[in-house]
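Contents: one structure, followed by commentary.
We did not get these values from a lab; they are worked out from the coordinates using the rules stated. Just so it is clear, the model here is predicted, and its values are computed rather than measured. Note: ideal-geometry Cβ built from the backbone for every residue, glycine included; neighbour counts use all protein chains shown.
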Amino acid sequence: EVILEAAKSIAAATSALVKAASAAQRELI
Amino acid sequence: MPVFHTKTIESILEPVAQQVSRLVILHEDAEDGSAMPDLEKPVQAVSRAVMNLIKVGKETINCSDDPILKQDLPSALYRVEGASRLLEEASAMLKQDPYSGPARRKLIEGSRGILQGTSSLLLCFDESEVRKIIRECKKVLDYLAVAEVIESMEDLVQFLKDLSPSLSRVSREVGAREKELTHQVHRDILVRCLDQVKTLAPILICSMKIYIHILSEGGKGAAEAAENRDYLTSRMTGEILEIIRVLQLTTYDEDEWE
């Protein structure tokens, strides 16, 4: 289903964003 | 943490849900002390994915014949769209000030919004799929309701022609759905009910044949035969109704968690 594929893409992109944002915080801690 | 009731939804959302939770914890522990990296590129990637979802979602709404999906899906799409906007704002603010506290809060709110909106959207879509299975179950219920008026072999043949394809679809679709569920208790109930339906179906047909045969032989014992047929019909109806009930459940059994 296309909608599932679209949701997977969002999840992957959000994961990458959150990882990038977390990296800076992790360094500080 | 959200609880996902199907393996598909769980596989899509569980990893990102964990990461968002981790980000919230890191953010709280860091107390806004570190500079954030440039998030423009990853935010743009989310925006592109969101735009694609909006496009695909609108196409799904236009093509669907499910009025509930048409009604529910837009709000999930707006939610994801709004969250994406928050991420874009956060990224722009962080470019100006990598230490900005409000930007970090927007980032977290946006990430959570994407997660919640995507979760709502997948849930809407999943509920629509469940309604398709339930429609098929209701066809079987409708056929079972006419079992009591079948009084000739010709009618019985037609009854079987109508019932069999629907029953096969229910068996196939409920079987596949059962494998999709993450909740073991719900899975067990569906397996048990489906087994019962499969066992009862040939016995019901046999009881209908006996009733028709008794009628053609003068009708002695017809009342008992009809009673037996009706009992089997009601048993099958009960199992299908239970399947419909469990298909609609999305919450977790507290006892199982304990």
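Here are some notes:
- The 3J(HN,Hα) values that the Karplus relation (6.51, -1.76, 1.60; θ = phi - 60°) gives for region B:148-155 are, in residue order, 6, 9, 7, 10, 9, 5, 4, 5 Hz. Gly and Pro appear as x.
- The A:LYS8 and B:ASP162 beta-carbon pair, evaluated with R₀ = 41 Å, returns a calculated FRET efficiency of approximately 0.55.
- Size of electric dipole in the protein assembly as shown: Cβ of Lys, Arg +1 and of Asp, Glu -1, about Cα centre, debye, nearest 20: 800 debye
- Rounded, prolate or oblate (a/c below 1.5 giving rounded, otherwise prolate when a/b exceeds b/c) for the protein assembly as shown by Cα gyration tensor: prolate
- Cut-off under 5 Å, modelled amide H: who pairs with B:THR6 long-range: B:THR182
- Phi angles across region B:127-136 convert, under the Karplus curve 6.51 cos²θ - 1.76 cosθ + 1.60 with θ = phi - 60°, into 3J(HN,Hα) values of 4, 5, 5, 5, 4, 5, 5, 5, 4, 5 Hz, Gly and Pro given as x.
- Evaluated with a Cβ-only charge set (Lys, Arg +1; Asp, Glu -1), region B:51-139 carries a dipole of roughly 80 debye about its Cα centre, given to the nearest 20.
- Each part reduced to its alpha carbon centroid, region B:111-130 and region B:17-79 end up 10 Å apart.
- Among B:GLN184, B:GLN96, B:GLN116, residue whose mean-square fluctuation peaks in a GNM of chain B (springs only between Cα atoms under 10 Å): B:GLN96
- Relative contact order (%) - criterion: Cα under 8 Å, at least six apart; region: region B:130-242: 32 percent
- When only Cα pairs below 8 angstrom with a gap of at least 6 residues are kept, chain B shows a relative contact order of 20 percent.
- Each of B:LYS41 and B:ALA145 was given a label point 7 Å from its Cα along the Cα-to-Cβ line. The distance between the two points is 6.1 nm.
- Residue-averaged beta-carbon neighbours from other chains (10 angstrom radius) around B:124-132: 1
- Residue among B:LEU144, B:LEU121, B:LEU26 with the largest mean-square fluctuation in a Gaussian network model of chain B, springs linking Cα atoms under 10 Å: B:LEU26
- Given their separation in residues at 0.36 nm each and the Cα-Cα distance between them, B:LYS132 and B:CYS206 gain 23.7 nm when the chain is fully extended.
- For the segment B:74-87, counting C-beta atoms of other chains within 10 Å of every residue's C-beta and taking the mean gives 1.
- CD proxy at 222 nm, helix term only [per DSSP H run n ≥ 4: -39500 (n - 2.57); per residue of chain B; nearest 500]: -29500 deg cm²/dmol
- This model, with +1 at the C-beta of Lys and Arg and -1 at the C-beta of Asp and Glu, gives chain B a dipole about its Cα centre of some 780 debye.
- Overall form of region B:125-214 per C-alpha gyration tensor (a/c, 1.5; a/b vs b/c): prolate
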